[in-house]
Amino acid sequence: MHILVTGAAGKTGQAVMRALVERDTAVPHALVRRPEQMEAARQAGAASVTVGDMRDTAVWRTATQQIDALYHICPNMHPAEVDIGRMAIEAAQVNGVGHFVYHSVLHPQVEAMPHHWHKLRVEEMLFASGLDFTILQPAAYMQNVLAGWQSIMAEGIYRVPYPVETPFTLLDLADVARVAAMVLTEPGHRGAIYELAGTEILTPAAMAVVLAEVMGRAVTAVFQPLDEWQTQAQAAGLDPYAVVTLRQMFAYYARHGFWGNGNVLRWLLGREPTTFAQWFHTAKPH
Ligand SMILES: NC(=O)c1ccc[n+]([C@@H]2O[C@H](COP(=O)([O-])OP(=O)(O)OC[C@H]3O[C@@H](n4cnc5c(N)ncnc54)[C@H](OP(=O)(O)O)[C@@H]3O)[C@@H](O)[C@H]2O)c1
């Protein structure tokens with residue numbers, strides 16, 4: 001079964017490639033943006049690698065030739081997510097891709113977060129496409145915590161731009177990737193939309209307690225005002241669209257949190273989802 005993974009050099013794409021190579025029936029193929037990402041994709045198990053920009057129709061037409069199933073991961077916070085989704089769907093139709101699996105997000109209905117709302121529009125296009133589809137809607141990943149690793153190690157501070165009591169149901173990306181590989185290679189998932197969330201409701205304050213316990217040193221969660229976060233993000237060269245979109249996301253988190261229910265993930269995995277403590281025991285950088 002020939003499966004194309006888009007965004008294959010990214011955080012999610014690499015995890016999905018890793019999960020696919022563990023499946024005997026899957027022959028993974030990769031779409032990456034830059035030539036220097038080809039080697040990593042090959043080493044991750046890609047039988048072929050297409051290099052190109054997802055905003056280019058010709059790239060889609062080439063990458064989806066002789067592909068049985070497409071796992072579409074749009075680049076994070078991309079302003080053209082809806083157009084990219086449209087091109088992916090159109091190429092899948094033209095090249096007769098049998099199964100389109102879309103990596104969406106938990107609560108795509110939220111208009112206040114543009115990257116969620118754009119995913120809902122892509123889901124809507126899939127319904128109308130005539131393609132067999134499956135949609136995964138993951139909550140935020142545990143791996144995102146590692147973005148703050150430097151200050152956790154240097155200062156013992158886990159800094160977040162929303163209140164430290166904000167509730168989340170974080171997921172281990174490896175669990176998400178396992179589900180992705182499963183729906184791509186096993187029957188019975190056509191037409192399904194799966195909300196994927198962890199089973200524990202955790203706040204940044206509670207996460208800091210786990211980080212401290214596992215590392216055997218003090219870690220405190222600290223609220224960082226949004227303006228301060230923005231100044232730092234801009235100084236670090238973050239793309240202006242991503243800055244605005246992340247600000248909207250953090251403001252939403254501050255108002256409502258970002259949490260769901262773990263039943264679907266437990267059912268799909270056939271076991272308890274990985275807990276934050278279990279994940280951090282193996283993932284903590286040394
Ligand atoms: N992070 C979470 O907690 C979470 C939760 C649920 C859903 N999601 C969704 O998961 C998706 C992937 O997120 P991620 O964090 O894995 O992304 P990521 O690590 O930023 O990876 C995105 C990949 O796409 C590539 N790319 C960027 N622009 C491109 C273009 N125009 N054409 C072709 N490739 C391009 C990037 O290459 P370069 O290195 O060249 O930029 C990178 O390899 C996003 O849609 C996000 O909303 C994330």
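Worth pointing out:
- Label point at E165 placed 7 Å out along Cα→Cβ; residues across region 252-267 whose backbone nitrogen lies under 14 Å: 254-257
- R55 accessible area, assembled protein chains, probe 1.4 Å, Å²: 130
- V244 versus K284: modelled label distance in nm, points set 7 Å from Cα along the beta carbon direction: 4.1
- For region 78-186, the alpha carbon positions stretch 54, 32, 21 Å along the principal axes, listed from largest to smallest.
- Solvent-accessible heavy-atom area per residue, rounded to whole Å², over region 240-285 at 1.4 Å: 52
- Alpha-carbon gyration tensor eigenvalues x 5, square-rooted, for region 1-95, Å: 19, 15, 12
- Extension gain, D68 to E124: 0.36 nm times the residue separation minus the Cα-Cα distance gives 18.0 nm.
- Annotation: extensible slack from D24 through A235 equals 71.4 nm (criterion: 0.36 nm per residue apart, minus Cα-Cα distance).
- By the equivalent-ellipsoid construction on the alpha carbon gyration tensor, region 169-286 comes out with semi-axes of 29, 21, 14 Å, ordered largest to smallest.
- In order along region 61-67, the phi-based Karplus estimate (6.51 cos²θ - 1.76 cosθ + 1.60, θ = phi - 60°) of 3J(HN,Hα) comes to 4, 5, 5, 8, 5, 6, 10 Hz; Gly and Pro are listed as x.
- Listed residues T245, T166, T231, most fluctuating in the chain (Gaussian network, C-alpha, under 10 Å): T231
- GNM top mover of E200, E90, E213 - the chain, alpha-carbon springs below 10 Å: E213
- Relative contact order computed over the chain (Cα-Cα under 8 Å; 6+ residues apart), in percent: 18
- Largest to smallest accessible area among E81, E272 [probe 1.4 Å]: E272, E81
- Between H2 and V27, D68, A69, the built amide H atoms are under 5 Å apart, and every one of these is 5 or more places off in sequence or on another chain.
- Distance between the C-alpha centres of region 74-142 and region 187-261: 21 Å, rounded to the whole angstrom.
- Length gained on full extension, H256 to A47, computed as 0.36 nm times the residue gap minus the Cα-Cα distance: 71.0 nm.
- Here the Gaussian network model covers the chain, with springs between Cα atoms less than 10 Å apart; of W259, W267, W149, W267 fluctuates the most.
- The chain, helix-only ellipticity at 222 nm - DSSP H runs n ≥ 4, -39,500 (n - 2.57), divided by all residues, nearest 500: -13500 deg cm²/dmol
- Kirkwood analysis of the Cα pair distances in the chain returns a hydrodynamic radius of 19.6 Å.
The values are calculated or read from the model by the stated rules, or taken from the named source; none is laboratory data. Just so it is clear, the model here is predicted, and its values are computed rather than measured. As a convention, Cβ positions derive from the backbone with ideal geometry for all residues, glycine included, and neighbour counts pool all protein chains shown. Heads up: the accessible areas ignore ligands, DNA and RNA and are worked out on the full protein's heavy atoms, side chains in. Shrake-Rupley method; radii C 1.70, N 1.55, O 1.52, S 1.80 Å.
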